[in-house]
Amino acid sequence: MTTTSTLQRRLIRTKEAASYLSMSDWKLRRLIQEGMFPVVQDHEGGPFLLDVRDLDGYVENHKRSIPDEFSARTKFPVATISNHVRNRTGRAE
């Protein structure tokens, strides 16, 4: 019987962390500079490593429900189909 264990990394680089959070690398670096995320750096000048647990905490702390007033406004499509027929120049007739 073979047992396969999958080791999941706890520390990941900024590019991977940004992807994990579905944000740009630039935005994540700005949040790091603002103190939103602590980083691990094994030596000066080394890459910033972020703890996946901190990333998960960020997600949990930033979840919110959309207020009823907002959802009521978005029940109908924002764009509507115009009754005007457009000619070849793109102008309404």
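Only the coordinates and a few stated rules stand behind these numbers; no lab work does. As the structure is a computational prediction, the values presented were derived from the model and not from experiment. Backbone-built Cβ (ideal geometry, glycine too); neighbour counts: all protein chains shown.
By the scheme Lys and Arg +1, Asp and Glu -1, what is the net charge of all other residues having a beta-carbon under 14 Å from that of Lys15?
Details: positive: Arg9, Arg13, Lys27, Arg29; negative: Glu16, Asp25.
Local charge sum for Lys15: +2.
Excluding Ser24 itself, what net charge comes from residues whose Cβ is under 11 Å from its Cβ, given Lys and Arg +1 and Asp and Glu -1?
Numbers: positive: Lys15, Lys27, Arg29, Arg30; negative: Asp25.
Local charge sum for Ser24: +3.
What are the trypsin sites (Lys or Arg not before Pro) within segment 1-62 that DSSP puts in a loop, where the Cβ has at most 10 other Cβ atoms within 10 Å? Working shown, then result.
Numbers: sites: Arg9, Arg10, Arg13, Lys15, Lys27, Arg29, Arg30, Arg53; in loops: Arg9, Arg10.
Sites meeting the loop and neighbour criteria: Arg9.
Working out 0.36 nm times the residue gap between Glu44 and Glu60, then minus their Cα-Cα distance, what length gain in nm do you get to one decimal?
Details: separation 16, 0.36 × 16 = 5.76 nm, distance 3.08 nm.
Full extension from Glu44 to Glu60 adds 2.7 nm.
Report the relative contact order of segment 10-56, percent, no decimals, based on alpha-carbon pairs under 8 angstrom and at least 6 residues apart.
47
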